[in-house]
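Presented below is the structure to which this report refers.
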Amino acid sequence: MSTLSTDAGPPKADHRATNPHHGRRWLILAVIAVAQLMVVLDATIVNIALPSAQQDLGFSNENRQWIVTAYSLAFGSLLLLGGRIADLIGRKMTLLIGLVGFAGASALAGAATGFGVLVTGRALQGVFGALLAPTALALLTTTFTTAKERAKAFGIFGAVAGAGGGFGLLLGGVLTDGLSWRWCLYVNLLFAAVAFVGALVLLPRHRREQGVKIDVPGTITVTAGLFALVYGCANAETDGWGATGTWGFLVAGAVLIAVFCWLQTRVAHPLLPLRVLLDRDRGAASIGIFISAAGMFGVNLFLTYYLQQTLHYSPLETGLAYLPMVGVLMVVSTVATSVLNARFGPKPIVPVGMVLAAAGLLWLTGLDAGSSYAAHVLPPLLLFAVGLGLVLPLCMSAATSGIDPADAGVGSASVNTMQQVGGSIGTALLSSLAASAASDYVAGKKPTAEVIGQSALESYSTAYSWSAVFFVVGAVICGLLFRRGAPKVDPDAAPVVHM
């Protein structure tokens with residue numbers, strides 16, 4: 001996810017005259033966009049390659065979720081810290097370190113000969129992605145000094161971020177079909193090399209911000225707490241929900257998150273000032289983003305496996321199958337942001353979107369081995385996209401609306417953190433529930449190919465059903481919490497980009 005750094009403030013009036021790199025600003029935008037595209041598409045490109053990677057490396061269905069959650073958990077839990085590091089050591093240096101690290105992690109994951117190496121590489125990708133995303137937005141904010149140019153630059157950057165997911169689906173299919181799943185990771189070396197050379201040549205030096213301190217206790221407790229929650233959900237897939245290890249990690253995670261919240265009220269430089277989330281609308285929006293991501297990330301994983309293993313689609317055909325959903329999502333998001341939000345506000349629109357997404361998910365539970373894409377997969381997929389298009393952009397807008405300029409960076413980072421962590425927990429939880437459903441189906445039956453195939457369908461259906469429950473709960477919460485009326489827009493506020 002992309003986020004503004006905590007140093008994003010109004011530029012000085014004489015910045016154009018004093019900045020010798022101002023004439024290169026559009027080239028700098030291109031460099032930043034390439035770096036961000038690499039981070040964005042990595043969230044989807046690996047999903048398409050995952051079935052092939054599992055077959056090649058031979059890891060189990062219980063472990064496959066970690067290829068997704070290792071990246072999103074590391075990324076989401078360290079985003080807030082990433083912005084602080086950019087302020088501490090300088091944006092140019094942080095971007096260069098992030099690019100080199102992301103490329104190295106991609107090479108490690110691409111060359112993996114076993115599950116452990118692949119997961120380690122994915123987690124390291126998330127770590128360095130958490131450096132890249134906030135730094136890219138901070139650089140964008142300080143490079144463009146006038147409101148008109150900044151709006152144009154953020155529009156271009158936002159388009160790259162929005163299209164990156166769809167491009168990743170398509171590119172993942174092309175690379176996996178034409179070369180190997182490993183090239184879905186190796187391709188990042190090309191993006192990183194282009195961005196590194198451009199950043200080295202074009203970006204000005206940036207001195208560290210004075211007075212910036214790292215909230216070490218907060219970083220440790222929130223990272224450990226989020227990991228414990230995700231690991232507890234994942235542990236249920238192998239040991240069951242009644243296992244001591246499962247509940248031990250879940251309880252430890254809850255305690256650590258509580259300690260983190262307490263620490264944020266006590267330290268001078270909190271990682272996440274709680275005032276950002278305590279506003280009623282921003283709190284509702286954060287919950288909406290978390291729930292939507294929890295349902296969306298897991299579904300993308302299971303539908304990919306359904307298309308490739310049940311309908312026998314190639315990776316390229318799977319990527320193409322998702323493109324209509326991406327197109328509808330972008331169109332509905334634009335209408336929701338520019339028309340519906342300005343007229344009605346999020347209170348009626350977000351719950352309606354969540355109900356539509358839930359309806360699309362329940363529709364997907366009817367898929368079986370004889371289903372066709374046009375008649376049975378595409379309609380519910382498009383309905384799901386309409387629902388998400390009504391939910392995510394309005395929640396993202398509300399989550400950063402009315403934030404004090406001093407908190408703009410951390411507010412944006414908190415939104416992206418909610419999305420990534422929600423995706424991590426959702427993927428782990430849905431994978432556990434799906435695995436239990438598959439085990440229950442095959443219990444007492446002869447493990448024929450037909451039984452195994454049907455058990456997979458049962459697991460997918462369970463994941464869709466629980467995702468629908470997430471969205472229904474979200475509809476109720478958001479319907480109760482959001483205030484009535486259209487949001488008030490500050491014409492002088494800096495743009496905020498999410499992905």
Inset, instruction - Note down all Cβ pairs under 9 Å where the first residue falls in the range 186-197 and is open to solvent by less than 70 Å² (accessible area, probe 1.4 Å), the second is among the charged types (D, E, K, R), and they're at least six residues apart or on different chains. - result: 188/42
Legend entry - Elements of type helices (runs of 4 or more DSSP H) contained in the range 306-377, each with 3 or more residues being modelled with pLDDT under 90 and over 22 Å from residue 470 (Cα atoms): 315-335, 341-344
Inset, instruction - Would you check if there is a residue in the range 338-350 being hydroxyl-bearing (Ser, Thr, Tyr) and open to solvent by 70 Å² or more (accessible area, probe 1.4 Å)? - result: yes
Inset, instruction - Output the number of the condition that residue 436 fails; it satisfies all remaining conditions of (1) under 30 Å from residue 369 (Cα atoms); (2) under 24 Å from the mean Cα position of the chain (by Cα); (3) at pLDDT below 85; (4) among the hydroxyl-bearing types (Ser, Thr, Tyr). - result: (2)
Inset, instruction - Look through 283, 242, 253 and report the one residue that is more than 23 Å from residue 135 (Cα to Cα), modelled with pLDDT of 75 or more and not in a helix (DSSP H, G or I). - result: 242
Legend entry - Any pair with Cβ under 8 angstrom, 6 or more apart, that starts in the range 33-47 at a residue that is closer than 17 Å to residue 103 by Cβ and ends at one that is open to solvent by 10 Å² or more (accessible area, probe 1.4 Å) and not in a helix (DSSP H, G or I): 36/499; 40/499
Inset, instruction - Could you tell me which residue of the range 259-298 is nearest to the chain's Cα centre (by Cα), considering only residues that are open to solvent by 60 Å² or more (accessible area, probe 1.4 Å) and free of Cβ contacts under 8 Å to residues at least 24 places away in the same chain? - result: 278
Legend entry - Hey, residue 296 modelled with pLDDT of 90 or more and assigned to a helix (DSSP H, G or I) or not: no
Inset, instruction - Look at residue 218 and say whether it is open to solvent by less than 20 Å² (accessible area, probe 1.4 Å), touching a helix residue (DSSP H, G or I) at 6+ places or on another chain (Cβ under 8 Å), farther than 18 Å from residue 86 by Cα and modelled with pLDDT of 80 or more. - result: no
Legend entry - Qualifying residues in the range 432-454 (those that are polar (S, T, N, Q) and open to solvent by 10 Å² or more (accessible area, probe 1.4 Å)) - the one farthest from residue 273 (Cα to Cα): 448
Legend entry - Test for residue 396: is it at pLDDT below 85, within 29 Å of residue 82 (Cα to Cα) and either in contact with a Phe, Trp or Tyr (Cβ under 9 Å, 6 or more places away or on another chain) or open to solvent by 50 Å² or more (accessible area, probe 1.4 Å) (or both): no
Inset, instruction - Can you confirm whether the range 52-62 contains a residue that is surrounded by 22 or more Cβ atoms within 10 Å (Cβ to Cβ) and either at pLDDT below 85 or not basic (Lys, Arg) (or both)? - result: yes
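The values are calculated or read from the model by the stated rules, or taken from the named source; none is laboratory data. On a predicted model such as this, the values are computed, not experimentally measured, just so you know. We place every Cβ from the backbone using ideal geometry, glycine too, and count neighbours over all the protein chains shown. We work out accessible area using only protein heavy atoms, side chains counted, and drop any ligands, DNA or RNA first. Shrake-Rupley method; radii C 1.70, N 1.55, O 1.52, S 1.80 Å.
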